[in-house]
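Structure first, then comments.
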Amino acid sequence: LAGKAARTQLGNETILFVDDEQAIVDMTAGILRRLGYHVESKLNPLEALELFQSKSNQIDLVITDMTMPRITGIQLFEKLKKIRPDIPVIICTGHSDLIDAEKAKQQGVAAYLMKPIIKQEIAETIRNVLGNHPK
C-alpha cells in the first residue's frame, strides 16, 4: 500500500470538465492532460450539455463544478443522465450547502471532490470511478 501512494494513476479516457472559472478550467484541464486524459472543457454548463448531446458516446466521464450560473452541478448531472444514464459524473465544490458527499451518493453521483483540486486525489478518484485500468 505504501508504494501505491507514490504512483499516480494515469488514464487515456475522454473527460468533459465543466467549471465557470477560467483559471480553474485551465489548471484542472492541465492536470488531467498530464495524467494522460483527453479533455474537453466548458465554462458554461449549458454549452457543456450541448457538447455532451453531440458527443455523448465519446465522453467517458464528466467532472463538474457544483456552483455555477444558470444551472448547478446537480442539475447538469440530472440532464446528462437523461441523455446517457450510465455516464459517470464527479462533482467538485469549494463550498456548497446544497450538496455533500452523502447527498451526492444518494443522487447517483459517482464521486464528490472538494476544491482545491489536488492532482493525486483527482487521479485516484477518476480511476476509482472508471475502473482501475484505462481502456
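The values are calculated or read from the model by the stated rules, or taken from the named source; none is laboratory data. Computed from a predicted model, the values in this text were never measured in an experiment. For neighbour counting, all protein chains shown are included, and Cβ atoms are generated from backbone atoms with ideal geometry for every residue, glycine included. Accessible surface is based on the protein model in full, side chains and every heavy atom, while ligands, DNA and RNA are left aside. Shrake-Rupley method; radii C 1.70, N 1.55, O 1.52, S 1.80 Å.
A few points about this structure:
- Exactly one residue out of Gln75, Gln120 is at pLDDT 90 or above, within 21 Å of Ala23 (Cα to Cα) and not aliphatic (A, V, I, L, M), and it is Gln120.
- Hits in the stretch 35-54 (condition: open to solvent by 50 Å² or more (accessible area, probe 1.4 Å) and either touching a residue at least 24 places away in the same chain (Cβ under 8 Å) or touching a helix residue (DSSP H, G or I) at 6+ places or on another chain (Cβ under 7 Å) (or both)): His38, Glu40, Lys42, Leu43, Leu46, Gln53
- Residue check for Ala2: modelled with pLDDT under 95 and open to solvent by 60 Å² or more (accessible area, probe 1.4 Å): yes
- One residue from Pro85, Pro69 being open to solvent by 60 Å² or more (accessible area, probe 1.4 Å), in a loop (DSSP other than H, G, I, E, B) and modelled with pLDDT of 95 or more: Pro85
- Boolean, Ile91 is in contact with a helix residue (DSSP H, G or I) (Cβ under 6 Å, 6 or more places away or on another chain), surrounded by fewer than 21 Cβ atoms within 10 Å (Cβ to Cβ) and of a type in the set (A, V, I, L, M, F, W, C): no
- Being of a type outside the set (Asp, Glu), in a loop (DSSP other than H, G, I, E, B) and under 13 Å from the mean Cα position of the chain (by Cα) is a property that holds for Ile59.
- Pairs are defined by a Cβ separation below 6 Å, a sequence spacing of at least 6 or placement on different chains, a first member in the stretch 107-132 that is in contact (Cβ under 8 Å) with a residue 24 or more places away in the chain, and a second member that is polar (S, T, N, Q) and open to solvent by 40 Å² or more (accessible area, probe 1.4 Å); the pairs so defined are Ala123/Thr8.
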